[in-house]
1. Largest first, how would Glu200, Glu324, Glu262 line up by accessible area (1.4 Å probe)?
2. Work out the FRET efficiency for Arg195 and His332 from their Cβ-Cβ distance, taking R0 = 45 Å, and round it to the nearest 0.05.
3. How large is the direction-averaged shadow of the alpha-carbon convex hull of segment 167-281, in nm²?
4. Filter the chymotrypsin sites (Phe, Trp or Tyr not before Pro) in segment 95-167 down to the DSSP loop ones having no more than 16 other Cβ atoms within 10 Å, then list what survives.
5. What percentage of the solvent-accessible surface of the chain, computed with a 1.4 Å probe over protein heavy atoms, is contributed by carbon and sulfur atoms?
6. Sorted from largest down, what three extents in whole angstroms do the Cα atoms of segment 116-195 have along their principal axes?
7. Considering only DSSP beta bridges where both residues belong to the chain, give the percentage that are antiparallel (nearest 5).
8. Rank Glu392, Glu330, Glu361 by accessible area, highest first, at a 1.4 Å probe radius?
Amino acid sequence: MRTDLPEALLATDAGGRADEILRSCVHCGFCNATCPTYQLLGDELDGPRGRIYLIKDMLETGTADAVVQTHLDRCLTCRACETTCPSGVRYGELLEIGRDHLASLGRRRAAERFVRAWLLRVVPHRRRLRRWLRLGRAFRWLLPSGLAGRIPPLPRRRPVSEVAADRRVVVLDGCVQSVSTPGVNEALSRLLGARGIRVETAPGEGCCGALALHLGESARAQAAMQANARALADAADGAEAILSTASGCGVTVKDYGRLLPEDPAAERVAGLTLDAAEFLHGLDTTWSRAGEHRRVAWQAPCTLQRGQRAAGRVEDLLRRAGYELVPVAEPHLCCGSAGTYSMLQPALSGQLKRRKLDHLEAAAPDVIATANVGCQLHLATESRVPVVHWLELLK
Ligand code: SF4
Ligand code: SF4
């Protein structure tokens, strides 16, 4: 693709990278075949190729109208398009630059700015999020059903006793998962503790920065990532790995080296980070089933199967533990959760959720398992069977 970006933009790191990515696209359109929004809406501008043109136009002219904003906002950042691109276009990275540029043009309506500011001020902060969820549960009966259904139930806790062990890993505690489904990290601690590995958290660790990054707030995202990288680097001294149990966070932390190129702590943290499935899969041990469920419908989050390229591990661990994995159609399609997408694009997100649940429930499983807190909470709002994190199924 020919480009004509302004010299001043080309001189910046983001401008140079955008130009390189844009030039790698040969506009063949193969990517449209795997794009969920293109499949739902059938509009070229709601597919990756159309969005690439919109970003190119915005970067070249330095302007963006409502059309650009609408179609970039509708992108899930699922990166399914990258898997069918013969030219290796780094679409996710281009979108990140495009959204950042769009935010700098400041053309959003006041109501949208308010919702985004609320999300940024509440969701990544555990204490604030906990307070809002408490309020939501208390006044659920006053809320519209769409909103009330999104409030997760009070989490069930099973605190883990201290383990004396030489081997040690650090687990990402994050923001939403530690407030909504803390049982996931407790399950990891029990599993590894029973195998002589101590699981610790990093004091001072918080949101990985993904939420701000996806909303095009790069300065805020950088601040969160830098603070996190420092906290994790300190805690990981002498640890075997930093483990992520929420694939949406893991994909971001693994990318810290690129996102914070001047920061040695970020590079070290990125190099040490693994999804829990990668670590558990590499252990020389046996696994068994926890609980009564036997037939599992597995939902591989986009951030695990494409972002981290760690597909297949969870399925293997579950089978080794004695579960039967039922067939699920269209495993590449996003469930519509996509971070804050379910709140900012409820109609599209709802259609994708219904489609995903129809596939997941088709073979009448006992339980649906996933690897990301966002997908878990999103699917649980309408699922007829329990939706759990896969770690909770192992013993
Ligand atoms: S498949 Fe790749 S090269 Fe073809 S249009 Fe899509 S992004 Fe461009
Ligand atoms: S990231 Fe997902 S929604 Fe966005 S263009 Fe690519 S395939 Fe489509």
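The values are calculated or read from the model by the stated rules, or taken from the named source; none is laboratory data. As the structure is a prediction and not an experimental result, all values here were calculated from the model. Reconstructed Cβ throughout: ideal geometry from the backbone, glycine too, with neighbour counts over all protein chains shown. Accessible surface areas use protein heavy atoms only, side chains included; no ligands, DNA or RNA. Shrake-Rupley method; radii C 1.70, N 1.55, O 1.52, S 1.80 Å.
1. Details: Glu200 55, Glu324 85, Glu262 165 Å².
So, going from the largest accessible area down, we get Glu262, Glu324, Glu200.
2. Result of the calculation: an efficiency of 0.85.
3. Mean orientational projected area (segment 167-281, Cα hull): 6.5 nm².
4. Answer in residue order: Phe139.
5. On the way: 9540 of 17940 Å².
Result for the chain: 53 percent of the exposed heavy-atom area is carbon or sulfur.
6. 50, 25, 17
7. Roughly 5 percent of the DSSP beta bridges within the chain come out antiparallel.
8. On the way: Glu392 75, Glu330 55, Glu361 25 Å².
My answer, sorted largest first, is Glu392, Glu330, Glu361.
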